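Read through the structure below, which is laid out as structure tokens, and then see the notes.
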Amino acid sequence: MSNPIIQKIDSALSDAGAKLLNAVTEAEIEEVRIEILGRNGLFPALSKEMGAVQPEDRKAVGQAFNTGRTRFQELLDGAKQRLAAGSGAKSCDELDLTLPGRLRKLGHKHPVTKVIDDSVAIFRRMGFIVADGPEIETVYHNFDALNTPADHPSRDPGDTFYFKDGRLLRTQTSPVQIRVMESQEPPVRIVAPGRCFRRDTPDATHSMNFHQIEGLYIDRDVSLADLKSILQAYARELFGPNVSIRLRPHFFPFTEPSVEYDFSCIMCGGKGCNVCKQSGWLEIAGAGMVDPNVLKAVGYDPEIWSGFAFGMGIERIAMIRYRINDIRLLYENDTRFLEQF
Ligand code: PHE
């Protein structure tokens with residue numbers, strides 16, 4: 001039967017060895033060190049007991065004490081080395097500096113953004129500058145100043161999102177016309193891309209939020225022919241030199257006369273296909289000569305100034321351009337779809 005001090009050293013060493021083997025943090029290793037070598041640890045306590053050891057045992061116990069302490073230090077060092085190696089801290093020799101870097105994946109512009117960017121670039125080349133307005137609008141800017149009668153169906157809460165304070169989510173980018181004319185003297189030549197909201201039931205061609213680009217051109221002696229030539233130039237820049245446009249009579253409260261305009265079908269060149277429903281034409285947007293009542297509302301003299309405005313749906317153009325058959329794809333943020341652009 002060996003001395004109880006030797007037994008204590010043996011069992012403490014095998015406990016500590018097991019703990020150190022499983023240690024995964026420096027703190028755990030330190031905890032074991034304190035248990036064994038710390039001021040209140042095992043070895044300082046044992047050294048106090050040494051005086052009471054029988055003289056015939058003293059040599060053996062002293063030896064066990066010393067080798068135990070050395071052995072424990074080795075276990076500690078081993079555990080520390082194991083941690084350092086596992087932490088991935090490599091020496092310079094192990095780093096291969098000739099390996100190629102990791103390529104960062106580039107994002108993609110959203111098709112709606114691409115159409116906006118390209119359209120704005122085309123209009124800028126024709127002397128338009130970009131204007132902006134709020135998405136939360138007043139009834140005055142979205143309807144009243146745009147000559148929209150109080151009983152016009154588009155004002156219905158079933159069609160337009162209203163806030164409790166009476167403001168609304170703009171249903172069109174046309175209120176930007178009003179804000180621009182309120183803030184500057186004529187002449188005016190702006191385009192205003194932006195988000196619009198309508199209380200539509202979503203389906204393949206309708207979304208509750210969508211984008212428009214508004215155009216406004218005010219000067220002396222502006223005519224419908226100017227409108228047509230600007231839209232024709234835009235169509236050809238965007239879709240190529242063979243596209244033609246046509247204007248059809250329509251009605252908007254804020255333009256007189258009003259038109260809807262079509263581009264000749266870019267798929268079939270006007271012969272008739274599925275995309276244009278055999279008509280040879282693609283409906284693009286609304287436009288017209290700015291109504292004198294709108295000019296009066298912003299303090300422009302309709303006897304001196306005239307102009308045209310247009311507003312087109314970006315999603316519709318994006319869908320034609322990129323052959324997208326469901327508007328909802330543009331809003332689902334599925335990267336498998338978006339990565340194609
Ligand atoms: N704001 C109209 C719409 O959303 C489009 C339009 C803009 C028509 C400018 C005429 C002039 O349908």
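Structural remarks
- Number of the exception - Leu216 against (1) within 13 Å of the ligand (Cβ to nearest atom); (2) within 32 Å of the chain's Cα centre (by Cα); (3) surrounded by fewer than 22 Cβ atoms within 10 Å (Cβ to Cβ); (4) not β-branched (Val, Ile, Thr): (3)
- Count of residues meeting criterion [within 16 Å of the ligand (Cβ to nearest atom), surrounded by fewer than 19 Cβ atoms within 10 Å (Cβ to Cβ) and at positive phi] in the stretch 147-203: 0
- Flag for Gly62 being surrounded by 15 or more Cβ atoms within 10 Å (Cβ to Cβ) and within 19 Å of Ile5 (Cβ to Cβ): no
- Of all the criteria given as (1) surrounded by fewer than 14 Cβ atoms within 10 Å (Cβ to Cβ); (2) within 24 Å of Lys228 (Cα to Cα), the one not satisfied by Met312 is (1).
- Residues of the stretch 20-34 that turn out to be assigned to a helix (DSSP H, G or I) and crowded, with 17+ Cβ neighbours inside 10 Å, as a count: 4
- Candidates Ile213, Ile178: the one that is in a strand (DSSP E or B) and among the aliphatic types (A, V, I, L, M) is Ile213.
- Hits in the stretch 174-196 - residues which are among the hydrophobic types (A, V, I, L, M, F, W, C) and farther than 13 Å from Gly299 by Cα: Val176, Val188, Ile190, Val191, Ala192, Cys196
- Residue check for Gly272: outside any helix (DSSP H, G or I) and within 23 Å of Phe239 (Cα to Cα): yes
- Filter result for Phe308 (among the aromatic types (Phe, Trp, Tyr), more than 20 Å from Met181 (Cβ to Cβ) and within 16 Å of the ligand (Cβ to nearest atom)): no
- Residue match in the stretch 232-241 (condition: closer than 29 Å to Leu329 by Cβ, at pLDDT 95 or above and either within 15 Å of the ligand (Cβ to nearest atom) or part of a loop (DSSP other than H, G, I, E, B) (or both)): yes
- Cβ pairs under 9 Å, 6+ apart, first in the stretch 109-136 and in the same structural domain as Asn209 (by TED's automatic domain parsing), second modelled with pLDDT of 95 or more and hydroxyl-bearing (Ser, Thr, Tyr): Ser119/Tyr234; Ile122/Tyr234; Phe123/Tyr234; Met126/Tyr234; Phe128/Tyr217; Gly133/Thr173
- Where a residue in the stretch 302-315 is of a type in the set (S, T, N, Q) and its partner, wherever it lies, is within 13 Å of the ligand (Cβ to nearest atom), with Cβ under 9 Å and at least six apart: Ser306/Ile218; Ser306/Met289; Ser306/Val290
- Yes/no for Met319 being under 33 Å from the mean Cα position of the chain (by Cα), within 30 Å of Pro186 (Cα to Cα), surrounded by 19 or more Cβ atoms within 10 Å (Cβ to Cβ) and not β-branched (Val, Ile, Thr): no
- Of all residues making up the stretch 99-156, the number that are part of a loop (DSSP other than H, G, I, E, B) and more than 16 Å from Ala192 (Cβ to Cβ): 21
- The stretch 257-293: number of residues that are more than 10 Å from the ligand (Cβ to nearest atom) and closer than 14 Å to Asn147 by Cα: 3
- Residues that are within 20 Å of Ala150 (Cα to Cα) and buried (at least 19 other Cβ atoms within 10 Å of the Cβ), drawn from the stretch 238-256: Phe252, Phe254, Thr255
The values are calculated or read from the model by the stated rules, or taken from the named source; none is laboratory data. This one's a predicted model, so the numbers in the text were calculated from it and none came from an experiment. Note that each Cβ is placed from the backbone with ideal geometry, even for glycine, and that neighbours are counted across all protein chains shown.
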